[in-house]
Amino acid sequence: MPTFFIPWPTQESVMAKSQHNHDGESYGKFVRRQFTKHRAGVWSVRIVACIAVLALFADILASDKPLVASYRGDVMFPVFKQYAVDLGLSTWDPSLATADFRTVTYDWAVFPPVPYNPTSTDKTLTSLQDCAPSGEHWLGTDNIGRDVLAGIIHGSRYALSIGFIAMGIALAIGILLGAIAGYFGGFIDIVISRLIEINITFPRFFLILTIVAMVEQGSVWLVMTIIGLTGWTNIARFMRGEVLRVRNLDYVTAATALGYSSPRIIFRHVMPNAIAPVLIYAAFGVVGTILLESSLSFLGVGLPPTVVTWGSILNKAKASTSSWWLAVFPGLMIFITVCAFNLIGDALRDATDPRLRQ
C-alpha cells in the first residue's frame with residue numbers, strides 16, 4: 001500500500017507565507033497594521049480623542065446653567081436658550097446670558113458635572129486658602145474666583161482649534177508652494193526658495209508678538225491666522241524635496257508624455273504620492289502651534305482677556321507663587337497634549353517607513 005508523506009509546515013514556511021500576504025496588501029492597510037503595533041501611539045490617539053470630547057462637549061460638561069430644569073411647574077430645556085421666569089420675563093433676553101442661574105430656586109434641576117463657567121467668578125471666596133482645590137472647586141480657582149477645571153475644559157477647545165486650524169493654514173500654503181517649486185524648478189524654484197529663506201530669517205515668536213501688538217484688540221481668529229501664515233516654511237521645504245523625488249518617477253513621465261496639463265499632474269499624480277511624509281510632519285506642527293499659543297496666552301497677549309485658555313491660567317500663577325494648582329493642572333494638560341501628539345507623529349513616521357515591508 002503506498003504511503004503519502006504530508007510535510008509539516010515549518011516556521012520558515014509560515015513566515016514566508018505571512019510575508020507574501022503582507023506584500024500583497026495595500027499601503028493603507030500596511031500603515032494601519034504598523035500603527036497598531038505602536039502601543040504608545042495608539043494610546044496617544046485615545047488621549048487626543050478624550051481631549052477632543054472635552055472640547056466638543058465643553059458647554060455640557062462645565063456651565064453655570066442647568067441642562068434641564070423645572071421652575072414653578074414649567075420645564076425648561078435648555079434653560080439658557082428659553083426664558084427666565086425667575087426674572088419675570090416671558091421671552092428670551094440676550095443680556096441674560098451672563099445671569100447666575102445657580103442662585104435660582106428650581107423645583108428640580110440637572111446641572112453639568114462642573115457647575116461653573118470659565119469666566120464666572122465665585123464671590124464667596126475671600127482668601128487664598130478658599131481658592132485652593134476643595135469639594136466645591138475640584139481643581140481650585142484663580143485669584144478672582146474663576147474655576148480652574150471649567151477653564152481647562154473650555155481651554156481644550158481653544159488649544160485644539162487653534163492647533164488644527166493654524167496648522168491647516170500652514171499646510172495649505174506650504175504644500176502648494178513646495179509642490180510648485182519642486183515640480184517646475186528653475187526660476188520659480190529660486191523665487192520660492194528665496195521667499196522661504198527670507199521668512200526663516202525672522203524670529204517667528206517675536207514676529208507674532210510684533211503683529212499682535214499692532215492690533216488694538218486680538219481675537220482667536222487673528223491668532224490662528226498669524227500662526228498659520230508664519231508656520232509654512234518648513235512644510236514647503238519638505239514638500240519641495242518630496243516632489244523633486246517623485247517627479248522623476250516613471251508614472252509622472254508617462255503622464256507628461258500623454259499630454260496632461262501641469263496642474264493635473266501636480267494635483268492628481270505628484271501631490272498624492274508626496275504628501276504622506278508631510279502630513280506626518282503636521283502632527284509635530286500641531287504641537288508647536290499649541291505651545292506657541294500657550295506661550296502667547298502666558299504672556300497675556302494675542303487673545304482677549306475674557307478668553308480662558310491653558311496659557312492664561314498659567315499666567316495667573318505668576319501673581320501668586322503659593323497657588324500651585326494654577327501652574328500644575330494647566331501645565332499638566334499642556335504636557336499630556338504635547339506628548340500625545342509627539343507620540344502620534346513618531347508612530348506615523350514608523351508606520352509609513354517602507355523599509356518595514358522588507
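Where a number appears in this text, it was derived from the coordinates with a stated rule and is not lab data. Note that the structure is a prediction, hence the values are computed from the model and not measured. Every residue, glycine among them, receives a Cβ derived from its backbone with ideal geometry; neighbour counts consider all protein chains shown.
For the residues Met167, Met224, what sequence is obtained by ranking on other C-beta atoms within 10 Å, fewest first?
Met224, Met167
Can you sort Ser26, Ser294, Ser262, Ser323 by how many other beta carbons sit within 10 Å, fewest first? Display every interim value, and only then the final one.
Details: Ser26 8, Ser294 27, Ser262 12, Ser323 20.
Ranking Ser26, Ser294, Ser262, Ser323 by Cβ neighbours within 10 Å, fewest first, gives Ser26, Ser262, Ser323, Ser294.
Restricting things to Cα coordinates, could you compute the convex hull volume per residue of the range 148-357 in Å³? Don't jump to the answer; show the numbers that get you there.
Values: hull volume 28.8 nm³, N = 210.
Dividing the Cα hull volume of the range 148-357 by its residue count gives 137 Å³.
For the residues Glu293, Glu242, what sequence is obtained by ranking on other C-beta atoms within 10 Å, fewest first? The partial results should precede the final answer.
Details: Glu293 27, Glu242 21.
Least crowded to most crowded, the residues run Glu242, Glu293.
For the residue pair Ser295 and Arg349, what label-to-label distance in nm results when each label sits 7 Å from Cα along the Cα-to-beta-carbon direction?
2.0
With a point put 7 Å past each Cα toward its Cβ, work out how far Thr124 is from Asn143 in nm, to one decimal.
It is 2.4 nm.
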